[in-house]
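Novice: One structure, pasted below without further comment.
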Amino acid sequence: MQTVHALNPLRQTVDALRGRSGGGARLALVPTMGALHEGHLTLVRRAKELADLVAVSIFVNPRQFGPNEDLDAYPRQMESDSRLLEAEGVDLLWAPDGAAMYPEGYATNISVSGVSAGLCGADRPGHFDGVATVVCKLFNQVRPDIALFGEKDWQQLAVIRRMARDLDLTQPHVDAIIGVPIVREVDGLAMSSRNAYLSPDQRRAAGQLNAAMRAAIARLGGADDAAAVMADLKAAILAAGFDSIDYAELRDANSIALLDAPGGNARLFVAARIGGTRLIDNMALR
């Protein structure tokens, strides 16, 4: 695995890797912020199935963190992350620092309306501008044929797909932004780098989120009143030991529009806080 920290060597390395494979190699990119876990490695393995070459980026993007969020505390473990990626057979690790990604005088921002409204877009103002901006830059830097993202951040996936279509970043590959199903712990908790923040008691409580969401989905499938189901879901999450709920809502999977009742393309989205940790999850209704 080759590790690159600056833009010019990155482009030279990508060109060399493609040339070594005859020039027609398919390159996949897996963007991450590091602190890798089995969810990230699942993305890497899927990328290896779909492409000849795999690049992974590690960059803790300050532009997607709010002023009171966990930028400084976010786990950084480049050495162990690098070992994991090497063991998975990754071809290229792109690990820029802040100056390489946002050089002095940087003044450009990408904003994606519609799908970025509501959910995390409402609770974390500016978050998806930061996501769209950094992902657009990563696409232009690495120039992949496909890119893979976890479905745990479903709204993020919708934002990136919209941006890529609008800015012609994925032509002619209309399916170039690939979502990979959520990887879960044994108790159903969605894998996340932020799970490491949880104390043992908090971790036990967090594991009940999955069961509460599945119970709500079962009731919605049985034609229970949606408003009552959502109220009971919020009560169950708080009873499990969470301190607060940012949202628990039904949304259209593609448009992220709020739904009053289950529909054919509905998903259940939840964000809840336990201690100082904010956890998110989502599930399809069918």
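The values are calculated or read from the model by the stated rules, or taken from the named source; none is laboratory data. Everything numeric in this text was worked out from a predicted model, so none of it was measured. Cβ sites come from the backbone with ideal geometry, for glycine too, and all protein chains shown count toward neighbours.
Novice: Spot the failing condition for V135; the list is (1) surrounded by 17 or more Cβ atoms within 10 Å (Cβ to Cβ); (2) closer than 15 Å to I280 by Cα, and only one is missed.
Specialist: It is condition (2) that V135 fails.
Novice: Just for the stretch 36-70: of the residues that are small (G, A, S) and at pLDDT 95 or above, which one is farthest from I146 (Cα to Cα)?
Specialist: G39
Novice: Could you identify the single residue in A117, A107, A122, A147 that is in a helix (DSSP H, G or I) and either among the hydrophobic types (A, V, I, L, M, F, W, C) or touching a Lys or Arg at 6+ places or on another chain (Cβ under 6 Å) (or both)?
Specialist: From the options A117, A107, A122, A147, the qualifying one is A122.
Novice: Another question about this same structure. Checking the condition more than 18 Å from the chain's Cα centre (by Cα) and either of a type outside the set (D, E) or under 28 Å from I245 (Cα atoms) (or both), which residue from A95, A99 passes?
Specialist: Being more than 18 Å from the chain's Cα centre (by Cα) and either of a type outside the set (D, E) or under 28 Å from I245 (Cα atoms) (or both) holds for just one of A95, A99, which is A99.
Novice: Let me ask something else. Please find, within the stretch 18-41, the residue that is surrounded by the fewest Cβ atoms within 10 Å (Cβ to Cβ) out of those that are in contact with a strand residue (DSSP E or B) (Cβ under 6 Å, 6 or more places away or on another chain) and not in a strand (DSSP E or B).
Specialist: A25
Novice: When D91 is evaluated against the numbered criteria (1) in contact with a strand residue (DSSP E or B) (Cβ under 7 Å, 6 or more places away or on another chain); (2) under 22 Å from K152 (Cβ atoms), which criterion, by number, is the only one it fails?
Specialist: Result: D91 fails condition (2) only.
For (1) within 22 Å of Q155 (Cα to Cα); (2) in the same structural domain as A272 (by TED's automatic domain parsing); (3) of a type in the set (A, V, I, L, M, F, W, C); (4) modelled with pLDDT of 95 or more, each residue gets a yes or a no:
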residue: A212; (1), (2), (3), (4): yes, yes, yes, yes
residue: A228; (1), (2), (3), (4): no, yes, yes, yes
residue: D232; (1), (2), (3), (4): no, yes, no, yes
residue: A235; (1), (2), (3), (4): no, yes, yes, yes
residue: A240; (1), (2), (3), (4): no, yes, yes, yes
residue: S244; (1), (2), (3), (4): yes, yes, no, yes
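Novice: Let me ask something else about it. Mind checking whether some residue in the stretch 192-206 is of a type in the set (F, W, Y), out of contact with any helix residue (DSSP H, G or I) (no Cβ under 9 Å at 6 or more places or on another chain) and within 27 Å of L41 (Cα to Cα)? So that I can check it myself, show each step before the final result.
Specialist: Applying the first criterion (of a type in the set (F, W, Y)) to the stretch 192-206 yields 197.
Those left that are additionally out of contact with any helix residue (DSSP H, G or I) (no Cβ under 9 Å at 6 or more places or on another chain): 197.
Pick out the ones that are also within 27 Å of L41 (Cα to Cα) and you get 197.
Yes, some residue in the stretch 192-206 is of a type in the set (F, W, Y), out of contact with any helix residue (DSSP H, G or I) (no Cβ under 9 Å at 6 or more places or on another chain) and within 27 Å of L41 (Cα to Cα).
Novice: Let me ask something else about it. Yes or no: A73 out of contact with any Pro (no Cβ under 9 Å at 6 or more places or on another chain) and at pLDDT 95 or above?
Specialist: no
Novice: If you scan the stretch 237-256, which residues turn out to be assigned to a loop (DSSP other than H, G, I, E, B) and at negative phi? Write out each step before concluding.
Specialist: Keep residues of the stretch 237-256 that are assigned to a loop (DSSP other than H, G, I, E, B), which gives 241-243, 253-256.
Across the stretch 237-256, the qualifying residues are F242, D243, A253, N254, S255.
Novice: Which of the residues that make up the stretch 45-60 are within 17 Å of V135 (Cβ to Cβ) and assigned to a helix (DSSP H, G or I)?
Specialist: Of everything in the stretch 45-60, just one residue is within 17 Å of V135 (Cβ to Cβ) and assigned to a helix (DSSP H, G or I), namely A47.
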